[in-house]
Ligand SMILES: Cc1ncc(COP(=O)(O)O)c(C=O)c1O
Ligand SMILES: N[C@@H](CCOP(=O)(O)O)C(=O)O
(Lines give C-alpha, C1' and ligand atoms only; values in the text may rest on other atoms or scores of the structure.)
(Ligands and ions follow the chains in the order given, each with its own letter.)
Protein backbone atom coordinates (compact mmCIF):
# COMPACT_ATOMS: atom_id res chain seq x y z
CA UNK A 1 0.00 0.00 0.00
CA UNK A 2 1.30 3.47 -0.94
CA UNK A 3 0.10 7.05 -1.29
CA UNK A 4 0.00 8.14 -4.93
CA UNK A 5 -0.42 11.60 -6.42
CA UNK A 6 -3.51 11.79 -8.63
CA UNK A 7 -1.82 14.45 -10.79
CA UNK A 8 1.79 13.32 -11.39
CA UNK A 9 1.68 9.74 -10.09
CA UNK A 10 4.57 10.14 -7.63
CA UNK A 11 4.40 7.66 -4.74
CA UNK A 12 5.00 8.13 -1.00
CA UNK A 13 5.13 5.64 1.90
CA UNK A 14 1.90 5.21 3.85
CA UNK A 15 3.55 6.00 7.19
CA UNK A 16 4.57 9.53 6.16
CA UNK A 17 2.38 12.37 7.48
CA UNK A 18 1.60 14.00 4.17
CA UNK A 19 -1.57 15.36 2.58
CA UNK A 20 -0.33 16.54 -0.80
CA UNK A 21 2.34 15.65 -3.35
CA UNK A 22 5.43 17.82 -3.85
CA UNK A 23 3.69 18.99 -7.05
CA UNK A 24 0.67 20.15 -5.03
CA UNK A 25 -1.59 17.35 -6.26
CA UNK A 26 -3.99 15.41 -4.05
CA UNK A 27 -2.93 11.99 -2.82
CA UNK A 28 -4.82 8.73 -2.97
CA UNK A 29 -4.26 5.50 -1.02
CA UNK A 30 -3.45 2.62 -3.37
CA UNK A 31 -4.73 -0.58 -1.80
CA UNK A 32 -3.16 -3.92 -2.62
CA UNK A 33 -6.16 -5.51 -4.33
CA UNK A 34 -4.47 -8.95 -4.31
CA UNK A 35 -4.89 -9.03 -0.55
CA UNK A 36 -8.55 -8.01 -0.16
CA UNK A 37 -11.30 -10.45 0.79
CA UNK A 38 -13.64 -10.57 -2.22
CA UNK A 39 -15.94 -13.18 -0.67
CA UNK A 40 -17.54 -10.92 1.94
CA UNK A 41 -20.28 -9.32 -0.17
CA UNK A 42 -23.02 -11.65 1.05
CA UNK A 43 -25.62 -9.15 2.30
CA UNK A 44 -24.97 -10.13 5.94
CA UNK A 45 -23.79 -8.29 9.06
CA UNK A 46 -23.16 -5.08 7.19
CA UNK A 47 -21.06 -2.50 9.03
CA UNK A 48 -17.95 -0.55 8.15
CA UNK A 49 -15.32 -2.82 9.72
CA UNK A 50 -16.66 -5.82 7.83
CA UNK A 51 -14.51 -4.44 4.99
CA UNK A 52 -11.33 -4.32 7.08
CA UNK A 53 -9.19 -6.08 4.45
CA UNK A 54 -10.03 -3.22 2.05
CA UNK A 55 -8.97 -0.55 4.57
CA UNK A 56 -5.45 0.82 5.13
CA UNK A 57 -5.33 0.74 8.95
CA UNK A 58 -4.77 -1.87 11.61
CA UNK A 59 -5.82 0.05 14.71
CA UNK A 60 -9.54 0.59 15.25
CA UNK A 61 -11.15 3.59 16.95
CA UNK A 62 -14.79 2.75 16.41
CA UNK A 63 -18.26 3.84 17.45
CA UNK A 64 -19.88 1.07 15.37
CA UNK A 65 -20.28 3.18 12.26
CA UNK A 66 -21.66 2.15 8.88
CA UNK A 67 -24.27 -0.53 8.30
CA UNK A 68 -26.68 2.31 7.56
CA UNK A 69 -30.10 1.44 6.09
CA UNK A 70 -30.67 1.36 2.35
CA UNK A 71 -34.36 2.23 2.10
CA UNK A 72 -36.45 1.57 -0.97
CA UNK A 73 -38.45 4.78 -1.48
CA UNK A 74 -41.63 3.21 -2.84
CA UNK A 75 -43.85 6.28 -2.38
CA UNK A 76 -41.49 8.62 -4.19
CA UNK A 77 -40.76 5.94 -6.77
CA UNK A 78 -44.42 5.95 -7.70
CA UNK A 79 -44.82 9.77 -7.40
CA UNK A 80 -41.89 10.33 -9.75
CA UNK A 81 -42.47 7.35 -12.02
CA UNK A 82 -38.94 6.03 -11.47
CA UNK A 83 -38.10 2.35 -11.90
CA UNK A 84 -36.13 1.92 -8.65
CA UNK A 85 -35.31 4.53 -6.02
CA UNK A 86 -33.33 4.03 -2.80
CA UNK A 87 -31.84 6.19 -0.07
CA UNK A 88 -28.65 5.19 1.71
CA UNK A 89 -29.35 6.90 5.01
CA UNK A 90 -26.03 8.11 6.37
CA UNK A 91 -27.84 10.08 9.08
CA UNK A 92 -28.01 6.75 10.93
CA UNK A 93 -24.29 6.87 11.73
CA UNK A 94 -23.19 7.47 15.37
CA UNK A 95 -22.91 11.27 15.09
CA UNK A 96 -25.56 11.51 12.39
CA UNK A 97 -23.53 11.85 9.19
CA UNK A 98 -21.29 9.97 6.74
CA UNK A 99 -18.25 11.73 8.22
CA UNK A 100 -18.09 8.99 10.87
CA UNK A 101 -16.92 6.55 8.22
CA UNK A 102 -14.01 8.84 7.42
CA UNK A 103 -13.20 9.57 11.03
CA UNK A 104 -13.10 5.96 12.25
CA UNK A 105 -10.34 5.32 9.71
CA UNK A 106 -8.74 8.80 9.96
CA UNK A 107 -8.48 8.87 13.75
CA UNK A 108 -7.24 5.25 13.76
CA UNK A 109 -4.52 6.36 11.33
CA UNK A 110 -3.67 9.31 13.58
CA UNK A 111 -2.97 6.86 16.42
CA UNK A 112 -0.92 4.58 14.16
CA UNK A 113 1.19 7.58 13.19
CA UNK A 114 1.66 8.49 16.87
CA UNK A 115 -0.27 11.78 16.62
CA UNK A 116 -1.97 13.04 19.77
CA UNK A 117 -3.77 16.08 18.34
CA UNK A 118 -6.16 16.36 15.41
CA UNK A 119 -7.65 19.34 13.61
CA UNK A 120 -10.25 20.18 10.97
CA UNK A 121 -12.16 23.03 9.39
CA UNK A 122 -15.86 22.41 9.20
CA UNK A 123 -19.31 23.49 8.13
CA UNK A 124 -20.50 21.37 11.07
CA UNK A 125 -20.59 17.63 10.49
CA UNK A 126 -16.85 17.06 10.16
CA UNK A 127 -16.32 18.89 13.46
CA UNK A 128 -19.00 16.86 15.26
CA UNK A 129 -17.54 13.62 13.98
CA UNK A 130 -13.89 14.47 14.59
CA UNK A 131 -14.75 15.61 18.12
CA UNK A 132 -16.51 12.31 18.90
CA UNK A 133 -13.77 10.04 17.52
CA UNK A 134 -11.01 12.08 19.18
CA UNK A 135 -12.90 11.73 22.47
CA UNK A 136 -13.11 7.97 21.97
CA UNK A 137 -9.38 7.82 21.14
CA UNK A 138 -8.45 10.06 24.09
CA UNK A 139 -6.71 12.69 21.97
CA UNK A 140 -7.21 16.44 21.62
CA UNK A 141 -9.37 17.87 18.80
CA UNK A 142 -9.35 21.41 17.43
CA UNK A 143 -12.13 22.51 15.09
CA UNK A 144 -12.31 25.74 13.13
CA UNK A 145 -15.78 26.81 12.03
CA UNK A 146 -17.18 29.80 10.15
CA UNK A 147 -18.58 31.96 12.94
CA UNK A 148 -22.41 31.98 13.12
CA UNK A 149 -22.70 29.78 10.04
CA UNK A 150 -23.04 26.24 11.30
CA UNK A 151 -26.23 24.45 12.33
CA UNK A 152 -26.97 24.48 16.05
CA UNK A 153 -27.07 20.70 16.54
CA UNK A 154 -23.63 20.30 15.01
CA UNK A 155 -22.14 23.04 17.17
CA UNK A 156 -23.67 21.42 20.26
CA UNK A 157 -22.11 18.09 19.27
CA UNK A 158 -18.59 19.50 18.83
CA UNK A 159 -18.81 21.25 22.20
CA UNK A 160 -20.21 18.34 24.21
CA UNK A 161 -17.68 15.84 22.79
CA UNK A 162 -14.99 18.14 24.18
CA UNK A 163 -13.30 19.61 21.11
CA UNK A 164 -11.67 23.02 21.26
CA UNK A 165 -14.12 24.93 19.03
CA UNK A 166 -12.66 28.01 17.37
CA UNK A 167 -15.04 30.19 15.33
CA UNK A 168 -13.33 32.31 12.68
CA UNK A 169 -14.37 35.53 10.99
CA UNK A 170 -14.66 34.06 7.52
CA UNK A 171 -16.20 31.19 5.59
CA UNK A 172 -15.34 27.47 5.42
CA UNK A 173 -12.76 28.00 2.69
CA UNK A 174 -10.92 30.52 4.93
CA UNK A 175 -11.08 28.08 7.85
CA UNK A 176 -9.62 25.26 5.75
CA UNK A 177 -6.73 27.47 4.64
CA UNK A 178 -5.87 28.22 8.28
CA UNK A 179 -6.18 24.53 9.22
CA UNK A 180 -3.79 23.46 6.45
CA UNK A 181 -1.22 26.06 7.59
CA UNK A 182 -1.69 25.19 11.28
CA UNK A 183 -1.38 21.45 10.85
CA UNK A 184 1.89 21.90 8.99
CA UNK A 185 3.32 24.48 11.36
CA UNK A 186 2.24 22.89 14.67
CA UNK A 187 2.34 19.22 13.67
CA UNK A 188 -1.35 18.58 14.33
CA UNK A 189 -2.91 15.77 12.27
CA UNK A 190 -5.37 17.22 9.77
CA UNK A 191 -8.55 15.29 9.18
CA UNK A 192 -10.37 17.15 6.49
CA UNK A 193 -11.04 15.19 3.32
CA UNK A 194 -7.73 16.29 1.77
CA UNK A 195 -6.39 13.56 4.05
CA UNK A 196 -6.53 10.47 1.83
CA UNK A 197 -7.13 8.12 4.78
CA UNK A 198 -10.39 9.96 5.61
CA UNK A 199 -11.73 9.07 2.18
CA UNK A 200 -10.78 5.41 2.63
CA UNK A 201 -13.43 5.18 5.34
CA UNK A 202 -16.01 6.93 3.19
CA UNK A 203 -15.48 4.61 0.22
CA UNK A 204 -17.23 1.89 2.24
CA UNK A 205 -20.56 3.51 1.24
CA UNK A 206 -19.99 1.93 -2.18
CA UNK A 207 -19.21 -1.48 -0.65
CA UNK A 208 -22.34 -1.35 1.48
CA UNK A 209 -24.62 -0.30 -1.39
CA UNK A 210 -23.47 -3.29 -3.42
CA UNK A 211 -23.62 -5.61 -0.41
CA UNK A 212 -27.16 -4.50 0.48
CA UNK A 213 -28.60 -4.24 -3.02
CA UNK A 214 -26.91 -7.33 -4.44
CA UNK A 215 -26.23 -5.37 -7.63
CA UNK A 216 -24.67 -2.12 -8.80
CA UNK A 217 -27.27 0.67 -9.18
CA UNK A 218 -27.35 2.54 -12.49
CA UNK A 219 -26.83 5.88 -10.71
CA UNK A 220 -25.64 7.26 -7.38
CA UNK A 221 -26.78 10.81 -6.59
CA UNK A 222 -25.30 12.86 -3.77
CA UNK A 223 -24.72 16.41 -2.53
CA UNK A 224 -21.30 17.89 -3.19
CA UNK A 225 -19.52 20.39 -0.94
CA UNK A 226 -15.79 19.88 -0.43
CA UNK A 227 -16.19 17.05 -2.98
CA UNK A 228 -14.55 14.29 -0.94
CA UNK A 229 -17.50 11.95 -0.65
CA UNK A 230 -18.26 11.62 -4.35
CA UNK A 231 -14.55 10.89 -4.94
CA UNK A 232 -14.49 8.30 -2.15
CA UNK A 233 -17.63 6.47 -3.26
CA UNK A 234 -16.36 6.29 -6.84
CA UNK A 235 -13.04 4.87 -5.55
CA UNK A 236 -14.99 2.21 -3.66
CA UNK A 237 -16.88 1.12 -6.76
CA UNK A 238 -13.74 1.14 -8.89
CA UNK A 239 -11.87 -1.00 -6.38
CA UNK A 240 -14.66 -3.59 -6.37
CA UNK A 241 -14.57 -3.53 -10.17
CA UNK A 242 -10.80 -3.92 -10.36
CA UNK A 243 -10.86 -6.74 -7.80
CA UNK A 244 -13.44 -8.58 -9.93
CA UNK A 245 -16.28 -8.31 -7.38
CA UNK A 246 -18.54 -6.36 -9.78
CA UNK A 247 -18.58 -6.11 -13.55
CA UNK A 248 -20.30 -2.75 -14.01
CA UNK A 249 -20.06 0.73 -12.53
CA UNK A 250 -22.68 3.34 -11.62
CA UNK A 251 -22.93 6.87 -12.97
CA UNK A 252 -21.96 9.41 -10.30
CA UNK A 253 -24.24 12.46 -10.16
CA UNK A 254 -23.07 15.35 -7.96
CA UNK A 255 -25.54 18.00 -6.79
CA UNK A 256 -24.52 21.42 -5.52
CA UNK A 257 -26.58 24.28 -4.11
CA UNK A 258 -27.01 27.04 -6.71
CA UNK A 259 -25.29 29.64 -4.50
CA UNK A 260 -22.26 27.38 -3.99
CA UNK A 261 -21.90 25.55 -7.27
CA UNK A 262 -18.45 26.04 -8.80
CA UNK A 263 -18.34 22.45 -10.08
CA UNK A 264 -21.86 22.41 -11.52
CA UNK A 265 -21.26 25.76 -13.25
CA UNK A 266 -17.96 24.68 -14.80
CA UNK A 267 -19.52 21.37 -15.89
CA UNK A 268 -22.55 22.94 -17.51
CA UNK A 269 -20.63 25.76 -19.14
CA UNK A 270 -17.99 23.25 -20.32
CA UNK A 271 -15.17 25.34 -18.91
CA UNK A 272 -12.34 25.02 -16.41
CA UNK A 273 -13.19 24.88 -12.69
CA UNK A 274 -13.09 28.26 -10.94
CA UNK A 275 -13.63 28.67 -7.18
CA UNK A 276 -16.41 30.97 -5.94
CA UNK A 277 -15.64 33.86 -3.58
CA UNK A 278 -18.83 34.15 -1.51
CA UNK A 279 -20.80 30.90 -1.43
CA UNK A 280 -24.32 31.19 -0.02
CA UNK A 281 -27.12 28.66 0.56
CA UNK A 282 -29.46 27.54 3.34
CA UNK A 283 -27.78 24.11 3.06
CA UNK A 284 -24.95 25.20 5.37
CA UNK A 285 -23.11 21.84 5.11
CA UNK A 286 -22.34 22.48 1.44
CA UNK A 287 -21.75 26.23 1.63
CA UNK A 288 -18.30 25.82 0.06
CA UNK A 289 -16.85 27.88 -2.79
CA UNK A 290 -13.51 26.15 -3.29
CA UNK A 291 -13.99 22.37 -3.03
CA UNK A 292 -10.58 20.98 -2.06
CA UNK A 293 -11.18 17.66 -3.85
CA UNK A 294 -12.52 19.13 -7.07
CA UNK A 295 -10.01 17.28 -9.28
CA UNK A 296 -10.93 13.87 -7.87
CA UNK A 297 -14.64 14.67 -8.04
CA UNK A 298 -14.42 15.90 -11.62
CA UNK A 299 -12.68 12.66 -12.61
CA UNK A 300 -15.29 10.57 -10.81
CA UNK A 301 -18.09 12.24 -12.73
CA UNK A 302 -16.24 12.20 -16.05
CA UNK A 303 -15.04 8.58 -15.82
CA UNK A 304 -18.44 7.32 -14.70
CA UNK A 305 -20.36 9.13 -17.44
CA UNK A 306 -22.24 11.12 -14.78
CA UNK A 307 -22.82 14.83 -14.36
CA UNK A 308 -22.97 17.79 -11.97
CA UNK A 309 -26.16 19.76 -11.42
CA UNK A 310 -27.20 22.54 -9.07
CA UNK A 311 -30.50 23.16 -7.28
CA UNK A 312 -32.04 26.23 -5.66
CA UNK A 313 -32.68 26.59 -1.94
CA UNK A 314 -36.44 26.36 -2.66
CA UNK A 315 -35.92 23.05 -4.47
CA UNK A 316 -33.84 21.77 -1.54
CA UNK A 317 -36.53 22.69 1.01
CA UNK A 318 -39.24 21.08 -1.12
CA UNK A 319 -37.21 17.88 -1.40
CA UNK A 320 -36.49 17.87 2.34
CA UNK A 321 -40.25 18.06 3.00
CA UNK A 322 -40.95 15.32 0.44
CA UNK A 323 -38.44 12.88 1.96
CA UNK A 324 -39.95 13.46 5.40
CA UNK A 325 -43.64 13.50 4.49
CA UNK A 326 -43.60 10.77 1.81
CA UNK A 327 -40.93 8.45 3.21
CA UNK A 328 -40.56 9.22 6.93
CA UNK A 329 -36.97 10.26 6.33
CA UNK A 330 -35.86 13.50 8.02
CA UNK A 331 -32.59 14.68 6.54
CA UNK A 332 -30.70 17.93 6.76
CA UNK A 333 -31.03 20.39 3.83
CA UNK A 334 -27.71 19.46 2.16
CA UNK A 335 -28.82 15.82 2.04
CA UNK A 336 -32.11 16.76 0.40
CA UNK A 337 -30.14 18.26 -2.49
CA UNK A 338 -29.79 14.70 -3.81
CA UNK A 339 -33.56 14.28 -4.23
CA UNK A 340 -33.92 17.87 -5.48
CA UNK A 341 -31.31 17.07 -8.13
CA UNK A 342 -33.03 13.85 -9.14
CA UNK A 343 -36.36 15.65 -9.59
CA UNK A 344 -34.77 18.46 -11.61
CA UNK A 345 -32.88 16.08 -13.88
CA UNK A 346 -35.94 13.86 -14.46
CA UNK A 347 -38.01 16.91 -15.35
CA UNK A 348 -35.42 18.23 -17.77
CA UNK A 349 -35.15 14.78 -19.37
CA UNK A 350 -31.41 14.61 -18.75
CA UNK A 351 -31.78 11.29 -16.96
CA UNK A 352 -34.08 8.34 -17.56
CA UNK A 353 -37.03 7.20 -15.41
CA UNK A 354 -36.28 3.64 -16.46
CA UNK A 355 -33.16 3.23 -14.30
CA UNK A 356 -32.22 2.64 -10.66
CA UNK A 357 -31.09 5.51 -8.42
CA UNK A 358 -29.47 5.52 -4.99
CA UNK A 359 -29.66 8.85 -3.18
CA UNK A 360 -27.06 9.37 -0.48
CA UNK A 361 -28.83 11.16 2.36
CA UNK A 362 -25.73 12.41 4.09
CA UNK A 363 -26.86 13.89 7.42
CA UNK A 364 -29.67 13.69 9.99
CA UNK A 365 -32.44 16.31 9.93
CA UNK A 366 -32.28 16.98 13.67
CA UNK A 367 -28.86 18.56 13.25
CA UNK A 368 -30.52 21.65 11.80
CA UNK A 369 -34.02 22.05 13.32
CA UNK A 370 -33.95 25.84 12.88
CA UNK A 371 -34.31 25.45 9.13
CA UNK A 372 -37.63 23.69 9.60
CA UNK A 373 -38.90 26.15 12.20
CA UNK A 374 -37.90 29.07 9.96
CA UNK A 375 -39.22 27.75 6.67
CA UNK A 376 -42.29 25.72 7.54
CA UNK A 377 -45.31 26.82 9.53
CA UNK A 378 -45.37 26.07 13.25
CA UNK A 379 -49.06 25.82 14.34
CA UNK A 380 -50.56 28.35 16.79
CA UNK A 381 -51.64 26.99 20.23
CA UNK A 382 -55.34 26.30 20.88
CA UNK A 383 -57.49 26.12 24.03
CA UNK A 384 -57.18 22.73 25.77
CA UNK A 385 -60.75 21.59 24.85
CA UNK A 386 -62.26 18.98 22.54
CA UNK A 387 -64.22 21.72 20.73
CA UNK A 388 -61.15 23.74 19.96
CA UNK A 389 -59.35 20.62 18.69
CA UNK A 390 -62.32 19.59 16.51
CA UNK A 391 -62.42 23.09 15.02
CA UNK A 392 -58.74 22.85 14.09
CA UNK A 393 -58.89 19.44 12.43
CA UNK A 394 -62.09 20.20 10.55
C1 LIG B 1 -24.59 16.66 5.36
C2 LIG B 1 -23.56 16.85 4.32
N3 LIG B 1 -23.87 16.52 3.05
C4 LIG B 1 -22.98 16.68 2.07
C5 LIG B 1 -21.72 17.18 2.30
C6 LIG B 1 -20.80 17.29 1.15
O7 LIG B 1 -19.81 16.31 1.19
P8 LIG B 1 -18.41 16.56 0.51
O9 LIG B 1 -17.80 17.72 1.23
O10 LIG B 1 -17.66 15.32 0.73
O11 LIG B 1 -18.68 16.87 -0.91
C12 LIG B 1 -21.35 17.54 3.59
C13 LIG B 1 -20.02 18.11 3.89
O14 LIG B 1 -19.35 18.65 3.06
C15 LIG B 1 -22.29 17.35 4.63
O16 LIG B 1 -21.99 17.65 5.87
N1 LIG C 1 -19.53 19.47 5.14
C2 LIG C 1 -18.21 19.39 5.62
C3 LIG C 1 -17.24 20.33 4.99
C4 LIG C 1 -15.81 19.85 5.22
O5 LIG C 1 -15.58 18.81 4.39
P6 LIG C 1 -14.47 17.70 4.62
O7 LIG C 1 -15.07 16.49 4.05
O8 LIG C 1 -13.28 18.19 3.92
O9 LIG C 1 -14.20 17.53 6.07
C10 LIG C 1 -18.30 19.52 7.14
O11 LIG C 1 -19.14 18.86 7.70
O12 LIG C 1 -17.56 20.27 7.74
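Contact map, the stretch 350-374: first residue on the phi < 0 side of the Ramachandran plot, second residue away from ligand 2 (no atom under 15 Å from the Cβ) and modelled with pLDDT under 95, Cβ cut-off under 8 Å, separation 6 or more or different chains; pairs are 365/372.
Scanning the stretch 339-351 turns up no residue that is closer than 12 Å to residue 320 by Cβ and either at pLDDT below 95 or within 16 Å of ligand 2 (Cβ to nearest atom) (or both).
The residue list 166, 143, 107 contains one member that is more than 16 Å from ligand 1 (Cβ to nearest atom) and touching a strand residue (DSSP E or B) at 6+ places or on another chain (Cβ under 6 Å), which is 166. Considering the stretch 283-315, the residues that are within 9 Å of residue 257 (Cα to Cα) and under 16 Å from the mean Cα position of the chain (by Cα) include one that is surrounded by the most Cβ atoms within 10 Å (Cβ to Cβ), namely 283. Within the stretch 215-225, restricting attention to residues that are over 9 Å from the mean Cα position of the chain (by Cα) and assigned to a loop (DSSP other than H, G, I, E, B), which residue is nearest to ligand 1 (Cβ to nearest atom)? The qualifying residue nearest to ligand 1 (Cβ to nearest atom) is 217. Is at least one residue of the stretch 274-289 away from ligand 2 (no atom under 16 Å from the Cβ) and over 20 Å from residue 121 (Cα atoms)? The answer is yes; a qualifying residue exists. What residue, among those in the stretch 242-260 that are buried (at least 24 other Cβ atoms within 10 Å of the Cβ) and within 16 Å of ligand 2 (Cβ to nearest atom), is nearest to residue 314 (Cα to Cα)? Taking the candidates together, the pick is 257.
Do we have residue 387 as on the phi < 0 side of the Ramachandran plot and surrounded by fewer than 22 Cβ atoms within 10 Å (Cβ to Cβ) here? Considered against the rule, which asks whether it is on the phi < 0 side of the Ramachandran plot and surrounded by fewer than 22 Cβ atoms within 10 Å (Cβ to Cβ), residue 387 comes out as yes. On the stretch given as the stretch 133-148, residues that are surrounded by fewer than 17 Cβ atoms within 10 Å (Cβ to Cβ) and either assigned to a loop (DSSP other than H, G, I, E, B) or within 12 Å of ligand 2 (Cβ to nearest atom) (or both) total 3.
The values are calculated or read from the model by the stated rules, or taken from the named source; none is laboratory data. On a predicted model such as this, the values are computed, not experimentally measured, just so you know. Virtual Cβ from ideal backbone geometry, glycine too; neighbours counted across all protein chains shown.
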